[in-house]
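A short reminder: the numbers here are calculations on the coordinates, not readings from a lab. If you're wondering where the values come from, they're calculated on a predicted model, not measured in any experiment. Here the Cβ is made from the backbone with ideal geometry for all residues, glycine too, and neighbour counts use every protein chain on show.
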Amino acid sequence: MAAYINAFFEERVQQLFDLADVAHRIFSSAGLEYGIVGGVAVYLYVAEREPDAGRLTRDVDVAIRRADLGRIVKAAAKFGFEHRHVAGVDMLARAGQPSARRAIHLCPEGIEPGTFREIRGLRLIPLADLVRMNLTSFRLKDQTHLKDMDEAGLITAEIEAHLPPALTQRRAEVRAHA
């Protein structure tokens, strides 16, 4: 039986993981705590449980400590990335490339050392924190992330038990529209 490969998709996945790997090397080289959040984290958690269910994203979102921004910018320069602040978002983009779509977006979330999960060599924030972040932001893409995590059976009763009432209500809204 012939195997068909979507070369465009495979190339995009590889580009995304290459960018995530650069993010890892930037933060590791500077000895800084970080955790991947957003679409890449959702993709990895979901794909671990349901390999064919992950959705692709364009960028890599990284939770950082705001106080580390100067050190991050300095470390990123060694890897050919420059700091940009666009529309209220700090990001690291490849020098000379105008698009912020394929950048490392910095999210000053306040991370706790040692609480990470590693999948495919990348440091992710804990699943419960990722669920909470998506329920807090609650944009359409966050709701899609929540739906994907729920369909993969990742949002457990234990995670739900620790949600405040406002987020529990949002969780119910997502389930009602699934």
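Let's see how each residue does on (1) out of contact with any Gly (no Cβ under 9 Å at 6 or more places or on another chain); (2) surrounded by 15 or more Cβ atoms within 10 Å (Cβ to Cβ); (3) at positive phi:
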{"position": "GLY54", "(1), (2), (3)": "yes, yes, no"}
{"position": "LYS78", "(1), (2), (3)": "yes, no, no"}
{"position": "ARG101", "(1), (2), (3)": "yes, no, no"}
{"position": "LEU124", "(1), (2), (3)": "no, yes, no"}
{"position": "MET133", "(1), (2), (3)": "no, yes, no"}
{"position": "GLN143", "(1), (2), (3)": "yes, yes, no"}
{"position": "MET149", "(1), (2), (3)": "yes, yes, no"}
{"position": "GLU158", "(1), (2), (3)": "yes, no, no"}
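All of (1) more than 12 Å from the chain's Cα centre (by Cα); (2) exposed (fewer than 15 other Cβ atoms within 10 Å of the Cβ); (3) of a type in the set (A, V, I, L, M, F, W, C); (4) closer than 26 Å to GLU160 by Cα hold for ALA87 with one exception: (4).
For region 1-49, the set of residues classified as surrounded by 13 or more Cβ atoms within 10 Å (Cβ to Cβ), of a type outside the set (A, V, I, L, M) and without any contact (Cβ under 8 Å) to a residue 40 or more places away in the chain consists of TYR43 only. Confirm whether TYR4 is hydroxyl-bearing (Ser, Thr, Tyr) and closer than 23 Å to GLU151 by Cα. No; evaluated as a whole, the condition is false for this residue. The set of residues in region 90-99 that are over 14 Å from the mean Cα position of the chain (by Cα) and surrounded by 13 or more Cβ atoms within 10 Å (Cβ to Cβ) comprises ASP90, LEU92, ALA93, ARG94, GLN97. Report yes if some residue within region 146-157 is closer than 18 Å to ALA63 by Cα and assigned to a loop (DSSP other than H, G, I, E, B); otherwise report no. No, every residue in region 146-157 fails to be closer than 18 Å to ALA63 by Cα and assigned to a loop (DSSP other than H, G, I, E, B). Within region 56-76, being loosely packed, with under 14 Cβ neighbours inside 10 Å and over 17 Å from ASP18 (Cβ atoms) holds for ARG66, ALA67, GLY70, LYS74.
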